[in-house]
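What follows is a single structure, written as structure tokens, with notes after it.
Each value in this text was obtained by applying a stated rule to the coordinates, not by laboratory testing. Note that this is a predicted model, so its numbers are computed, not measured. Using ideal geometry, Cβ is built from the backbone for each residue, glycine included, and neighbour counts are taken over all protein chains shown.
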Amino acid sequence: MTYTRENLPKLSVKLTITIDIDELDDHIENAAKAAAKDFAVAGFRKGHAPLEMVKEKIGEMKLLEAALEPAVRKSLVEAITTEKLETVGAPDIRVEKSAPGNPLIYTATLALMPTVEKLADYSKIKVEAKSNEVPESKIEDAIKELRRMQAKEVRVERGVTEKDKAVVDFAMKREHVPIEGGQAKDHTIYMEENHYIPGFKEQILGLKEGEKKNFTLKFPDNHYQKQIAGAEIEYDLTMKGVFEMTLPEFNDEFAKSLGAENAAKVRETIFGNMKEETEEENRRATEVEMLEKLADQSVFSEIPELLVKSEGEAMFHELEHSIEDRGITFADYLRDLKKTPNDLMKDFEPQALRRVKVALVLGKCSNELKTEVTEEELEVELDKISKEYEKPEMKERVHSPQFREHEKIVLRNRKTIEALKKLMVK
């Protein structure tokens, strides 16, 4: 194996690596042996056919393709080790020449680990502690939601009131042009809820089943759908049904129907759950604010574009999974935003850069605060994670060297964050 190195801007390096025919043949031979174990040839038991016959059946190109990944991995590690490169993120691999009987030539563009040239003085940066108090109104809203889930509904032939459920069809337009994804059939509106577009409920108050109405509403400037935020949106709406809602009283009898001892126990459970949620939300918000303030006030070396791109891709996939977990296809989500995947990736760039800086700052703080994780602490955490899995192979993977190293970093970061909170949160 031979290679050349080219230093690129923004802490990136491009290696051009050539794997000679003899070394490549070794990888091809290994690929053939691996394939032979599951390969069936007429006249031979599965996995017992002669290797040359297996090679002939599979073909040179397929064997070469199978050999590429281990060949690239081995040669790239050797080149990185020889050059003593401290890299970060996934390399960008591009095969330049690959043909049977020829050397393999490929390039690997790598991001080098950036550094924190000047860490902000965390002893002088303060973050306000957030209140974990649960407002009584939130508990009452939760109780009302429980009651509504047990409500009796009766279809009525009158105009909808502030206490009813309405079922509507509507189509949204902007400047008389239909909005993609802005149509709904048999859409339920609970008139007592307050999360609708301001003015929407007022427009449909008094409508009876079968009645239609056209009206225009201005969407909030901070609406999550950026393409209609602040816009005047026209509605064509039809009232499909009005339902009178009779909610059960919140008392001991109602509590018992939910499997609770009494109404006080239900209230206590709701309060406990909300308290936990509030504390968790505040913990995350405090840590994000603390680390972002540190990152914003620190000075960094150049940040490789490859690293920011990699972080942006991670954010993209996080969003994709989050959207699909809500039962919405990501393609529909992008269509409603009127954005392409590339548009979204571009939008992520500032936050991706900040996330990279936060990770660097956290590592620097760990070193300065001399945060350490003992083997005993690591074993306790790995055992706890292992108990979450039933399959033996998954339990074994938890204790693998790679996972151990990953979890050690996670624990170290957690310890560092807790130490920083003692210094920064007031």
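Miscellaneous remarks
- Helix 60-83 and the long axis of the chain differ in direction by around 90°, with both axes built from C-alpha atoms.
- P(r) tail fraction, the range 341-426 - alpha-carbon pairs more than 15 Å apart, %: 68
- Estimated from the Cβ-Cβ distance and a Förster radius of 41 angstrom, the FRET efficiency linking Thr188 and Lys346 is about 0.65.
- Working ranking of peptides 360-371, 280-291, 219-230 by packing, defined as the average number of other Cβ atoms within 10 Å per residue, highest first, is 360-371, 280-291, 219-230.
- Crossing angle, helix 341-368 versus the chain [Cα axis fit, 0-90 degrees, rounded to tens]: 70
- Out-of-range pairs (alpha-carbon distance over 25 Å; input Lys144/Lys256; Lys74/Lys346; Lys165/Lys226; Lys364/Lys422): Lys74/Lys346; Lys165/Lys226
- Percent breakdown of C-alpha pair distances by 10 Å bin, ordered from the shortest bin, for the range 285-424: 10, 27, 31, 26, 6, 0
- For the chain, the relative contact order comes to 17 percent (Cα pairs under 8 Å, sequence separation of at least 6).
- Mean separation of Cα contacts under 8 Å (6+ apart) over length of the range 152-246, as relative contact order %: 44
- For the range 90-197, the percent of C-alpha pairs falling in each 10 Å distance bin, counted from 0 to the bin holding the largest distance, reads 9, 17, 14, 12, 16, 18, 11, 3, 0.
- Binning the alpha carbon pair distances of the chain at 20 angstrom intervals from zero yields the distribution 16, 38, 32, 15, 0, expressed in whole percent.
- Placing +1 on the Cβ of every Lys and Arg and -1 on the Cβ of every Asp and Glu, with no other charges, gives the chain a dipole of roughly 320 debye about its Cα centre.
- The range 196-259 shape via C-alpha gyration tensor axes, a/c threshold 1.5: oblate
- Along each principal axis, taking the top coordinate minus the bottom one, the Cα set of the range 152-246 gives 39, 23, 19 Å in descending order.
- For the range 194-330: rounded, prolate or oblate by the Cα gyration tensor [a/c cutoff 1.5]: oblate
- Around the Cα centre of the range 152-246, unit charges on the Cβ atoms of Lys, Arg, Asp and Glu (plus for the first two, minus for the last two) sum to a dipole of about 80 debye.
- Gyration tensor (alpha-carbon) shape descriptor, the range 343-386, a/c threshold 1.5: oblate
- Given in Å, the Rg to one decimal and the Dmax to the nearest whole number for the Cα atoms of the range 146-193 are 14.1, 42.
- Sequence-separation-based contact order of the range 253-393, relative, with Cα cut under 8 Å and 6+ spacing, percent: 25
- Rounded tilt (10° steps) of 305-325 against the dominant C-alpha axis of the chain: 40
- Backbone N under 13 Å from the Asn222 label point (7 Å along Cα→Cβ), restricted to the range 110-131: none
- By the rule of a C-alpha distance below 19 Å, with chain neighbours fewer than 8 residues away ignored, no lysines are paired with Lys391.
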